[in-house]
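First the structure, in the form of C-alpha cells, and then the observations on it.
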Amino acid sequence: MQNILSKISAFLVIFLAVLPEPSYAQADNLTLAKADSLFLTQYYSEAFELYEQILEEEQYYSPQMLLKMAYIKEGLHDYTDAMYYLHMFYTKEPSRSTLKKMEELAQVHRLQGYEYSDLQFFKTQFSKYYMRLLEAMLLIAVVTVTVVLILLRRGRRFDKPFKIGLTVYLLFILYYVNFLSLGEAGIIRNDHVAIMSAPSAGANWMATASQGHKVPITGEQDIWYEIKWKGEKAYIRKSNLLELP
C-alpha cells in the first residue's frame, strides 16, 4: 500500500508542477552541430562518437539524431545497434513505416522478433500516451471524489451502482499505475550466445543465438533474463542482452 501511495504522490507532484522545457548549454548545441556537419560530409564514425556522447552524457536525443545513428550502424553492419536506435526512434515517433523498416531489415539478415503487427503498433501508441491517459484519469478521479465529498456533507446520498462504479474506476487507476505492462524486450548483443532452459550454466542447452535477434523479456533472476525463445521459456545472461527502452 505504501508503494502505491508513493507512486501516486510522486505523480501528483509532477502533474501539479509547472516544469519548463530543458535548456541545453551552448557547448552541447555546438557538439550537435559539429556531429551533424560530420554526418553530412560522410565522416560517419566521428559523427557517431559525438552523437553517442550527447546521448550518454546529456540524456538528450532528437528523432533525427536517432535515425542518423541507426543509419551509421547499419552501414557498419552492426545490426544490433541499428535496430536499437530504430526502436528508440520508433518510441519517439511511432509509425507503421518504421515498423516495416525494422521488419525488412530483419528479413534480409534473418533476424527474429521483428514481425510487423497491428498489435505491436497499438502497444507503442498506447505506451506513448500512457502518462497523458493517467493524467486524465487522475484528474477525473480527483474532481469526482471532491464533488462527492461536498455533496455528502450536504446530505446527498448516492445509490449502489454509482458507488460500485466509482470504486471500480479507482481500483482500475491503481492497477494501471502498478500492474499494467505491455511487455519488455531486448536485443541479443553478442554472437554464439547460449540459450538455456534454466538460469544456470549447468542447465540444458536449448540453442545458440547470434546477435541482432529480438526476444521478449518475461522476468529476471540474478544474472539471467527469462525470455521467450521460439515460443518456449528460456534464459539468457544479462550481459548478452541489450534491454530496449
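FYI, it's all coordinate maths here, none of it is from the lab. Everything quoted here is computed from the prediction, not taken from an experiment. Cβ atoms come from the backbone with ideal geometry, glycine included; neighbour counts cover every protein chain shown.
Simple spin-label model, 7 Å along Cα-to-Cβ: L171 to E46 in nm?
Label at L171, label at E46, 6.3 nm between them.
If you average 1/r across every pair of different Cα atoms in the stretch 165-245 and take the reciprocal, what Kirkwood value do you get, in Å?
The answer is 13.9 Å.
Which whole number of Å³ per residue matches the convex hull of the alpha-carbon atoms in the stretch 148-201?
Considering the Cα atoms of the stretch 148-201, their hull volume per residue is 147 Å³.
Which FRET efficiency value, to the nearest 0.05, do you get for N29 and Y71 by plugging their Cβ-Cβ distance into 1/(1 + (r/R0)^6) with R0 = 35 Å?
For R0 = 35 Å, the calculated efficiency reads 0.95.
In nm, what is the difference between 0.36 nm times the number of residues separating E226 and R156 and their Cα-Cα distance?
The span from E226 to R156 would gain 19.9 nm if fully extended.
What percent antiparallel are the DSSP beta bridges of the chain, to the nearest 5?
Restricted to the chain, the bridges split so that about 100 percent are antiparallel.
In nm, give the distance between the simple-model label positions of T146 and N178, each being 7 Å from the Cα along the Cα-to-Cβ direction.
My value for the distance between the label points is 2.5 nm.
Give me Rg over Rh for the stretch 36-81, both radii from the alpha carbons and Rh done the Kirkwood way, two decimal places.
0.94
Treat each spin label as a single point 7 Å out from the Cα along the C-beta direction, and report the S37 to K100 distance in nm.
Reported label-point gap for S37 and K100 is 3.7 nm.
How high is the relative contact order of the chain, in percent, with contacts defined as C-alpha pairs under 8 Å that are six or more residues apart?
14 percent
Hey, can you list the DSSP H helices of the chain whose Cα span along the axis is 30 Å or longer and whose average Kyte-Doolittle score is at least -0.5?
130-153
Taking the inverse of the average 1/r across all pairs of different Cα atoms in the chain, what Kirkwood radius in Å do you get?
Taking the inverse mean of 1/r over all distinct Cα pairs, the chain comes out at 21.5 Å.
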